[in-house]
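Let me begin by handing over the structure; questions about it come next.
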Amino acid sequence: MAIPTSRTKEPGIISVDPVKCKGCGKCVAICSDLDLELHEGKARPTGQGVFGCIGCGQCMMVCPEDAIRITGRFISPAALLPLPAKEQTAGYQSLLNLMIRRRSIRKFKSTTVDKALIDQVVEAAMTAPMGLPPSDVNLLVFDSREKVRSFTEDFCKYLEKIRWISSSWFLTLMKPFWGKETDELFRNFMRPLVDKYIDSMKQGENWVTYDAPAMIYFYGSPYCDPADPLIAATYAMLTAESLGLGTCMLGAIHPMIQNGSGARKFREAHGIRYKSREGIFLIMGYPKAEYLKGIRRSFASMNYSAS
Ligand SMILES: Cc1cc2nc3c(=O)[nH]c(=O)nc-3n(C[C@H](O)[C@H](O)[C@H](O)COP(=O)(O)O)c2cc1C
């Protein structure tokens, strides 16, 4: 048995070197799938895991003897990295400072973003927790303003063809199915947004992706947990910030390119491999404005559980 993803439907293969293994049991203790057990002072695969090895790799990471090999599911001992020293990691204050300084950026300098920086953003985003390994998050990278612009022009043309989704007759028809809140959001947010996107682009103004010099689309596969692309994009956003870039998440494009044959054609034309439940665009570039203050925000609610 194995948990399927778009990349593999096989479980990880566990092997333990009985010569190296000293039987400390750390791998057995850490495996959440009950894939390992101690037998006569050595670790060994049980063959009776709950789901089959998902390839999280934690047993390899805690083994002091390098006695465990997990292969398959795009993992192997070659994927192990030396662990950076704790003193070399960001502490709470420096992380908080980075977060307070971050703003959603919609006005960019004309400076381009080096490919090397985009690579660093992607490398760091790959460390994000992404559901069930191997990650089912896909990236479409736009490494120039021209590419971002051309994609956005195409998107606006496609949007014009499906403008009826924000028409009064369609919203009235749908209200009993999708409820009051969605109806309010469509009438007061989606409709003016779609109009603004289309009409501004006709005037040469890009209100969708703001002519950013770089952009990454994070999206899932049909197997993917919908949260995964968003978590990866959040990691990318903070990384970009640490590299001196400004960013903005864009949520409006993804839902528009999921359903119908026009959406499928649009995805195919732009090398988007899957229709997926969630996805998000992250634009990046050097901010035009200099911010002199941060801002305190709040959550909608926070209660401590009574039980
Ligand atoms: C999921 C998500 C989707 C977003 N979509 C858009 C968008 O389509 N266009 C845009 O200009 N900003 C978008 N934003 C940015 C928000 O508007 C922004 O985070 C918010 O105004 C708060 O500003 P701050 O990020 O500077 O704190 C999005 C943010 C998130 C988290």
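Take the range 93-134 and flag every residue that is of a type in the set (Gly, Ala, Ser) and at pLDDT below 95.
If the condition is that a residue be of a type in the set (Gly, Ala, Ser) and at pLDDT below 95, then Gly131 is the only one that fits.
Still on this structure, please answer the following. Mind checking which residues of the range 108-119 are assigned to a helix (DSSP H, G or I), free of Cβ contacts under 8 Å to residues at least 12 places away in the same chain and open to solvent by 90 Å² or more (accessible area, probe 1.4 Å)? It would help to see each step written out before you state the result.
Here is the first cut: in the range 108-119, the residues assigned to a helix (DSSP H, G or I) are 115-119.
With the extra rule that they be free of Cβ contacts under 8 Å to residues at least 12 places away in the same chain, the set shrinks to 116, 119.
Scanning the range 108-119 gives a single hit, Asp119.
How many residues, within the range 162-195, are within 16 Å of the ligand (Cβ to nearest atom), open to solvent by less than 100 Å² (accessible area, probe 1.4 Å) and of a type in the set (Phe, Trp, Tyr)?
Counting residues in the range 162-195 that are within 16 Å of the ligand (Cβ to nearest atom), open to solvent by less than 100 Å² (accessible area, probe 1.4 Å) and of a type in the set (Phe, Trp, Tyr) gives 1.
The values are calculated or read from the model by the stated rules, or taken from the named source; none is laboratory data. The model shown is predicted, which means the values in this text are computed figures rather than measured ones. Glycine also receives a Cβ, built like all others from the backbone with ideal geometry; neighbour counts cover every protein chain displayed. Side chains included, ligands, DNA and RNA excluded: accessible areas come from the protein's heavy atoms. Shrake-Rupley method; radii C 1.70, N 1.55, O 1.52, S 1.80 Å.
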